[in-house]
Structure formats: structure tokens, C-alpha cells
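Peer 1: I'd like to ask you about the structure that follows.
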Amino acid sequence: MTGILWAAGDCLAQKAECIARKRKLRYNYRRTAFTAAYGGALIGPFGHFWYRKLDKVVSSCLQPSTAVFVAAKVAADTFIYTPLNVGLFFALMTVVEGGHWTEVRHKLQQDFLPTMGAEMAIWPAYQAVNFARVPVQHQLLICSVGTLFDSTFLCWVHDHNDWLSMVVPGLRAPTALSPVTDAADSIGSLLNAGK
């Protein structure tokens, strides 16, 4: 189901681009297929593991169903899961579209922080309600509903370099992102060493 939602998100992102440009664009089926694979093969299984393990770990430290319990789960989701999802999506999609690690690094430098800012404007509140009101076995399902919108946003962002300056003309993304870009450089060096 997660793969289908990610594919639908990419379809919506491509449709939005056609509307924004006021002309028909050639649909990129390959991009949709890779987006579906990312959602279905990585995010779906990892999300299932993540929400169950997150609940178990936080329950071992804090009283379940309390405000502090929910806040701890939201903080972990916001500062561990979300950056991994955004960074991994940008990296993998850039590579499967034929990009090299220098392009991954550039994408992360240019769009990671603004995208994280946009994610943080929505997901913490969404997850607070999810974690406070929904039984753990159904939390991934509730996340999947939000995923349709989030995957649309992430696909659109991935397709637009420096998207922040498009949305807010004159505003540039901060580029102080050395830990993330250093990690991308290290991965790229390891992959290039194996060639």
C-alpha cells in the first residue's frame, strides 16, 4: 500500500507541474516506478518496524499515553526518521535518475534544510495526534494517509532545484549542511572505490 501511495504522490506532483507550466509535459513513468519502489520496498517495511519499535522503546522509558510519552515519540520521529527519509529519498532518486554523488551532494546542500523546515511545519502536529489517539498497530496506516501528500511534496521538491526561491522569490536556502554532505561524500567515495 505504501508503494501505491508514493506512486500516487509522484503522479500528483507531475500533474501539478503540468498545471503550473500551463502545458502538457511528457509523463515520466520511470520516475513513478522508482518512487513506488522507494515507498514499497523501503519506507513501508521500515515504517512498520519503526513505529512498533519506537513505541516499545519509548514505553520502556516513559508512561504510555502521557503528554511526555507522545512528545518523545514526536521528537524521535521528527529528528531521526524524517531526516533519514528526506535525505535517502533525495539521494536514491538522484542516483536512479542517472545522477552522480556530486549531484546528490548539491541536492542535499540546496534543498535538504528547506525541505526539513517544510516537513516540520506539518508532521510533528500530525504525528502528535496520531501517537496520542491511534493504537500503535494502526499508526502506520494513519501515516500512510499523510504520505500521499508528503510524497507529492517530496517528488515535486526533488524535481525542482532550489525550490524555496521558487516559492518565496529572493529567499535562498541555507547551505550549512556539512554533516549530511560529508556523509554523502563518504558514501560516494566508498561506491567509487568499488569500481
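The values are calculated or read from the model by the stated rules, or taken from the named source; none is laboratory data. Please read these numbers as outputs of a predicted model, since none were measured by experiment. When we count neighbours, we look across all protein chains shown, and the Cβ atoms used for this are built from the backbone with ideal geometry, even at glycine. The accessibility values were calculated without ligands, DNA or RNA, using every heavy atom of the protein model including side chains. Shrake-Rupley method; radii C 1.70, N 1.55, O 1.52, S 1.80 Å.
Peer 1: Looking at the range 7-55, which of its residues are under 26 Å from HIS138 (Cα atoms) and of a type in the set (Ser, Thr, Tyr)?
Peer 2: THR35, TYR38, TYR51
Peer 1: Taking the residues in the range 39-86 that are among the charged types (D, E, K, R) and within 17 Å of GLY146 (Cβ to Cβ) as candidates, determine which candidate is surrounded by the fewest Cβ atoms within 10 Å (Cβ to Cβ).
Peer 2: Residue satisfying both the conditions and the ranking: ASP77.
Peer 1: Residues that are in a helix (DSSP H, G or I), of a type in the set (D, E, K, R) and open to solvent by less than 10 Å² (accessible area, probe 1.4 Å): does the range 131-150 have at least one?
Peer 2: no
Peer 1: Got a number for residues in the range 167-187 being at pLDDT below 70 and not in a loop (DSSP other than H, G, I, E, B)?
Peer 2: 10
Peer 1: Tally time: how many residues in the range 101-116 are within 14 Å of the chain's Cα centre (by Cα) and open to solvent by 40 Å² or more (accessible area, probe 1.4 Å)?
Peer 2: Residues in the range 101-116 being within 14 Å of the chain's Cα centre (by Cα) and open to solvent by 40 Å² or more (accessible area, probe 1.4 Å): 1 in total.
Rundown of residues vs (1) out of contact with any Gly (no Cβ under 8 Å at 6 or more places or on another chain); (2) without any contact (Cβ under 8 Å) to a residue 40 or more places away in the chain; (3) not basic (Lys, Arg), yes/no style:
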residue: ALA118; (1), (2), (3): yes, yes, yes
residue: PHE131; (1), (2), (3): yes, no, yes
residue: HIS138; (1), (2), (3): yes, yes, yes
residue: LEU148; (1), (2), (3): no, no, yes
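Peer 1: Now for a different question. Would you point out which residue out of LEU108, LEU113, LEU62 is out of contact with any helix residue (DSSP H, G or I) (no Cβ under 8 Å at 6 or more places or on another chain) and either without any contact (Cβ under 8 Å) to a residue 24 or more places away in the chain or not aromatic (Phe, Trp, Tyr) (or both)?
Peer 2: LEU113
Peer 1: Right, here's the next one. Of everything in the range 9-38 that's small (Gly, Ala, Ser) and surrounded by fewer than 19 Cβ atoms within 10 Å (Cβ to Cβ), which residue is nearest to the chain's Cα centre (by Cα)?
Peer 2: Filtering the range 9-38 for residues that are small (Gly, Ala, Ser) and surrounded by fewer than 19 Cβ atoms within 10 Å (Cβ to Cβ), the one nearest to the chain's Cα centre (by Cα) comes out as ALA37.
Peer 1: So which residues in the range 13-42 are touching a Ser or Thr at 6+ places or on another chain (Cβ under 8 Å) and modelled with pLDDT of 90 or more, if there are any at all?
Peer 2: THR35, GLY39, GLY40
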